[in-house]
Amino acid sequence: MGVWGRGVAGGVLCCFGAATIGLAVETTDQSPQPPSRNWQIGFTPSYATGNFGTSSTSSFLYAPLSMRRLFKDGDMTVIVPFVTSTTDGRTTIVGGSATRVDDSSKSGSSGSGSDDDGGCSGKGQSGSGKDRVCGLTTRGPGQKVTTSGLGDVIIKGRYYVAEEGDVMPLIALTARVKLPTANEQLGLGTGALDYGFGVELSKMFGENWIGFLDAGYNIIGDPDGLPFQNQHWYDVGAGYFVTKDFLVSAYFEEYRAIVPGFVNARDVFLATNYTVSSAWRLNSGVTVGVSNGAPDYAFSVGASYRF
């Protein structure tokens, strides 16, 4: 089997590919596709939990249904997610990832906001205690509420600019748009338009090993009263083909915090991908956070069908 058929990459767009809730994204084939199967439908639900640098634990169930159109030199995907969120509002979903979004003001000071101040002051409101709001919600600190609904629809594309050779890696350019279809007052999103671009590289080493390097930049929209900063991100990883159809891989990922002064999200992502047939593919993943900007842990499992 040639390197084009074996090339598999787990790049992040953020959103990320079809994003999972723990920052890591769905691992997808990164190679030109056979013309006989031009469409792919996928479903990869994920669950994440953690305090994300606050004093309150939040948890999220992210269930994205994706439709992907495969072309000779790239692909385009539409992701429609359903989200269940349990949070006090200081953490919400941004581009498919759980991200802290309350402001960076510490109680009684103008510090960096890297520590939790025990309160919230989103939307630029002043005051303390119950007069403050958390993120884009009207909840108080620690007042966790469970809500469910439509998440932010993501449209993403990928174009292969260089074929893998003896030295040259497979190179693809990526772009994405996050539409603000989630209800921010329910803690399901930010209510703002985001977009970004990136690059994905992969290279086979011998018959079984493959390396990955992905990076990008996201333009984060500012919701009412919460000025966010743009986000750069990268991941680096390696995979091993246990068989020609079964890949195990590991990645280190980092995302810049969208609130100035907060700790960047860093995690380790472990993934498996199994090609059952030319039509069916299975995937799973486990994310372990290594900074308090990331979830404590997250896991996902899913399948896709090509036709």
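Nothing in this text is a laboratory measurement; each read-out follows from the coordinates by a stated rule. What you are looking at is a predicted structure, and each value in this text was computed from that prediction instead of being measured. Reconstructed Cβ throughout: ideal geometry from the backbone, glycine too, with neighbour counts over all protein chains shown.
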*asked:* I'd like the distance between the alpha-carbon centres of segment 148-172 and segment 240-264, rounded to an integer number of Å.
replied: 15 Å
*Specify which residue in the list PRO260, LEU226, ALA298 is farthest towards the positive end of the charge dipole of segment 210-307, using unit charges on the beta carbon of Lys, Arg (+1) and Asp, Glu (-1), about the Cα centre.*
ALA298
*Given labels modelled 7 Å from the Cα in the Cβ direction, how far is it in nm from ASP73 to ILE219?*
2.4 nm
*Determine, for LEU173, LEU136, the number of other Cβ atoms within 10 Å of each Cβ, and report the residues in order from fewest to most.*
LEU173, LEU136
*With each pseudo-label sitting 7 Å past Cα toward Cβ, what's the THR147-SER291 distance in nm, one decimal?*
2.8 nm
_Rough spin-label spacing in nm, given labels placed 7 Å along Cα→Cβ, for ALA238 and PHE307_ = 4.0 nm
_Euclidean distance between Cα centres, segment 53-89 to segment 286-303, Å_ = 13 Å
*Ranking of PHE246, PHE299, PHE269 by count of other Cβ atoms within 10 Å, fewest first*: PHE246, PHE299, PHE269
_I'd like the Karplus ³J(HN,Hα) series for segment 290-307: coefficients 6.51, -1.76, 1.60, θ = phi - 60°, whole numbers in Hz, and an x wherever there's a Gly or Pro._
10, 9, 7, x, 9, x, 4, 7, 8, 8, 8, 8, x, 8, 9, 10, 9, 8
_Full-extension gain between ALA250 and LEU282, please, as 0.36 nm times their residue separation minus the C-alpha to C-alpha distance._
9.9 nm
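For segment 186-261, what relative contact order do you get, as a whole percent, if you take Cα pairs closer than 8 Å and at least 6 residues apart?
About 25 percent, as a whole number.
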